[in-house]
Every structure is written in structure tokens, then in C-alpha cells.
Amino acid sequence: MASFWGELKRRNVFKVAVTYAIVSWIALQVADVVFPALNVPAWVLSLLTVLLLIGFPIALLLSWAFELTPDGIKPTAEVAPEHSIRTRTGQRLNYLMTGALVALLALVVVDKYMLDDRTPTAAATAPAAPEKSIAVLPFVNLSSDREQEYWSDGLSEEILNQLAQIGELKVTARTSSFSFKGKNEDVRDIARELNVRYALEGSVRTAGNQLRITAQLIDATDGSHVWSRAFDRERNDVFAIQEEIAMAVSETLSVALDVGAMARARGGTTNLEAYDRYLRARALDRQRGTSEDIVRAAELYREAVKLDPTFVRAWSDLNTELTLWPIYVPDRLAEAREEQRAIRERLRELAPASPFTAMIEANALVEARRWMEAEPAIASARAAGAIFREDTMGVETFLLLATGRFREALPRIQRQIAEDPLSLNASYGWQIMLTLASRDDEADAEYLRSRSLTGERGFVDVLALWRQLTRPSAEPAALRAQFELTARTGGRPFDRLAAELADELDNREAAVATLHRLYADPAMQTASGMLWLAGLADHFNDTDLALSALRRSYVDLGGTNIGMLWRPMRNPLRADPRFKDIVRDLGLVDYFRASGNWGDFCRPLPGGDDFEC
């Protein structure tokens, strides 16, 4: 036995073993850091570990059976002792082993004393994911026809909506979940970024009337499959498949899916053609790139309700689509409002107790500035179905902002951005709150963060320009840069204002003259056009024009973005009696007195009916 151990030592087997182990450990540490940065799949690191383990005994066998000689590698048995250079090879291995040990020591020191002091990342500081939380990732379209992608997206969204019925289950909002569409990222990393415990993913393949759907529920803590199933059905069975997947997920997670509540809230259809038109409209609605997209989406919703007149959700989404026409299709505003009135009447007859109907009624009351009636209507819509958590939050937040109740709106916006962290709309809402609270540094930081998010950027860029305009000492170069950016993304009517003022930002007298001319221009007589003109007039210190434009926007032209009435101004417009007249004419003073809630900006004065803001 002593001679065997001596032979192992003589043939440098021990030195090879130690050197191999150290070099392998260093290689794994480097790979663990580099592979994620290169988007290398997680299984590659596992494969490397296995290969290194397999290579260890092979390296030992090779060091025993072969020897390095001046003439190359030869079997040890063929090398005479007097011709052996094992001693010299052993010295080289000593040098290699020493170098590897130094590298190992350096890695340990850096990891312990330098990397530990880094600023924690968002992932490291994020709270632990709730046990009952899930993200529904977009199902992959495996059909030969790539245009069928709206089907796979629609299926994912329907399952998400059904799981959102479960009050005890945290479901990541669609925008954040779908932001990973088409990205080859490890599901554990996605879940960590969305702060959820589970992820549901799958695929959809259509061929004629045949439909194959696979779904997998994954535990993001270790990447294991908790539940999976494949469905081979006809396309007509898609509605049943959606429910089966939602029920299976809820049973697996030990949460109760209230089928009755789901049915009441769904407002769906069993007409496959109507459903197909609805999914096409939803795809265009999410895209929302041009006014043509908005008009075409409305047409598809109309086709859906023509095929199934009882399709409540299609009626509701058509109404929502028409609310965008004042921005995207302003020349057809009267047509849109008349069609919305008809939709409300139709839903009152078709589904008076539906949360969709309650939602539309509440929104109509807010737009009509019937503030006291709007509050209980919003509460009814919110109580009608959990699927409306995001939508009712939007309408309720709109009411709170319009009535100057920012402190009450703040937690709602915070909850929305927590549930939908990768949504540009949620970020926009948070930027509005920070801007209206004069927390400009935080708003600017969130604006920078939002630049990595996908979506329509015009409104976000507009808001950033508002902040620049209201700063008493705005940096001219920064103001011009933001102005030029917003001219490209802000759309109508800002593109007209930008073209007129591009060469006059540094010339107050010329800019004010241009603004007065635009104030009388028939093409500028829109609520958003006058609101922009008011902001620019305030920037150039023309308070008379600013107040006149505010009145025309909100009172004469019926502007609905009333929350921006309370935004910070360069000049003390709120102290002007004309500002108070605008507040009265919007019905806000009557609401303040009736509700007893004067919000954050106004208060009654003692000894009379007067007030100040």
C-alpha cells in the first residue's frame, strides 16, 4: 500500500487532483457571474458542472497512465526511469497550483470584502414574494400563421382575468406580465422581477378548427413544474379550456375560485366568430399606435356585438375605445359621445347588474361632473367584481384628482405600480402624483426609469415638459431638448404649438404674441389645445392669457383632465378670483360644501361663502 501511495505521488496524481479542483471551482465562479450577463440559459451552468465532475476521474487516470516527455505524451510503462522528467513536470504543476491558489484567494477577498459593500439591487432589497402570487405570462403562438398571435395573447389574458377573481391571490397585471413577451429569459428571473411565487406559461397551436394548448404552472423558487397539461380540442372549446386552466391553478395553489363571481363578471360570449373579432380588437387596442388603429379597433368591437348582441364585454370595451376619440379622433367627437350614450342605454337593458354596466355609468357621471353621484356609483362598480380592480382604481383616482384629494389618491397609485411595475401607464400615474405634489426630483427619476418601459410615450414626455415649464429657473438647454422631444411624441395639438414656438422659446415677447394668435385660431379650439396654451402662457408669465385659456379648456370646451387644474404653476394663479370662478363653474365648490371634503388645495373662509385655494 505504501508503494502504491508513493507511486501516486511520483506520478504527480495528487498535484493534478488539487490543481484540477481549484481551476474547476474558479471556472464555475466566473461562469456564474458571466453567463447571466450574456443571457446564457441556466441549464448551461448545470451542464458545465456535470462535465467538470466527469472530467475529474478522467484527469486522474490520464496522469497515472501517461507521462509528459521531451518527445511528447507517452504511456508511463514505456518511459525508462533515467529518461523521466516527472520531477520537472511536478515543479510546473507546483507553479500552476500556486497561481490557481492565488486566484482563488483573490476571488474570496473580492467577494467577502468588496462585493458585500455594493449597493443592494432592487431584487436583493425587494420583499419576499407572497406565497399566493402568480404571473400569467403570454402563451407562445406555435401556429404556422403568425397573425394568429392575437389568439394566444387573448387566451393568456382571459386566464389572467379569471384568476384575478380570486381575492386572496395576487395576480400581476397584464402589462407587466406581457412585457416579457418574446424574451428568452429564465422564468425564475421573471418571477423575481415581478415579485411572484408562481408563473403560468404555455403555448397555443391552431390548425383549421383544431386547437392544441399546453399550460405549465411553475414554482419560481426552484423552477420546478407544479402542474402541466395539454389540451387537444376544437376551437369552439377554447372557453372551457380557459376555465379548466384557471380552476386547475386555483386548486393547485389551494385558493378558491368563485365560479359564480367569475360568471357574473365575465360578460363574455360563446360565439367563436364574435370572440375572434373581440380578440382582434383587443390586439389593436393594446397596440394603440395611430388614430387608424383606434378607429379600426372600434369597428371590430362593433362587428363582435353585431355577431353576438349579448356580448357585454365587447360593448364595454367599445365604450372605452370611444373615450379615446377626443385625443386620437377629435373631429368625430360628437359621433363618439352619441354612440357612448346609446351603449349605456343598451347595457342598462341587457345587463343592469353587470359590473361592466356599473363601471360605464360611474365613468359617465365623472365626465358629467356629477361628483356627489359619482362616488357611490364607483363604489358599486368596485364591489361588483374583482376583475375591475385596475379599472375602478383608474376612475376613482380620476375623481380624487379632479376634486384635489391627492393624499387619498396616493396609496391607490402606489398599489397600482406595485401590481404592475413594468407598466408605462402605471409609471405615468405615479409621475402625475409626484408632479402634482411638487416632488420634481422624484418625478424626474421615475421618468428616467420609465424610458426603458414599452408603450405610448407621448403623455409621459408631455408631463416631463410640464415640469420644465413650471420651474422658475429652468435650464434653457434642458427645456429646449424636452420641448423638441415632446414635439415628436406628444401628438396633436402640441405638434402645432411646437412648430409655431420652436424659434421663440428664448424670445418672450414673440412667444406671447404667437400664443395670443393661437388662442384665437379655430384649429386650436380643443380642450387639450387650450390646456397646453395655458401652461405655455404661464411659463411666459402672461397670467391673463393663462387663466383665459384654462377657462376655455375646462368650462367652455368641457375638458375632462381636471386633475391638471391643481398642477404647480410658475405664477400664483390660484389666488386670482378668476381661478376661483373656474372652480365654481366646474361644480367643485358645491361638491366641497356638500361632502365637507375640500381636498388638499382649497378651504372655506370663516364668516361667509367665500373660499381660497
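With each label modelled as a point 7 angstrom along the Cα→C-beta vector, the D544-L51 pair spans 8.0 nm. Ranked by the mean number of other Cβ atoms within 10 Å per residue, highest first, peptides 440-449, 525-534 order as 525-534, 440-449.
Note on R593 and T323: the model spin-label points, each 7 Å out from Cα along the C-beta direction, lie 3.0 nm apart. Report the calculated FRET efficiency for D556 and R332 (r = Cβ-Cβ distance, R0 = 25 Å), to the nearest 0.05. The calculated FRET efficiency here is 0.80.
Extension gain for the segment A418 to A477, taken as residue separation times 0.36 nm less the Cα-Cα distance, is 17.8 nm to one decimal. The R348 and F601 beta-carbon pair, evaluated with R₀ = 30 Å, returns a calculated FRET efficiency of approximately 0.25. Each label was represented as a point 7 Å from its Cα along the Cα-to-Cβ direction; for R188 and V295 these points are 5.2 nm apart.
Segment A383..E612, full-extension length gain: 78.9 nm, with 0.36 nm per residue of separation and the alpha-carbon distance subtracted. Charges were assigned to the Cβ only: +1 to each Lys and Arg, -1 to each Asp and Glu. The resulting dipole of segment 210-250 about its Cα centre is roughly 140 debye. Diffusion of segment 409-455 by Stokes-Einstein, at 20 °C in a medium of 1.002 mPa s and with Rh set to the Kirkwood radius over alpha-carbon pairs, works out to 206 µm²/s. Subtracting the Cα-Cα distance of D521 and D506 from their residue separation scaled by 0.36 nm leaves 3.1 nm. With R₀ set to 45 Å, the beta-carbon distance separating R341 from V226 gives a calculated FRET efficiency near 0.40.
A short reminder: the numbers here are calculations on the coordinates, not readings from a lab. Worth saying up front: this structure is predicted, and the values here are computed from it rather than measured. Every residue, glycine as well, gets a Cβ built from its backbone with ideal geometry; the counts of neighbours run over all protein chains shown.
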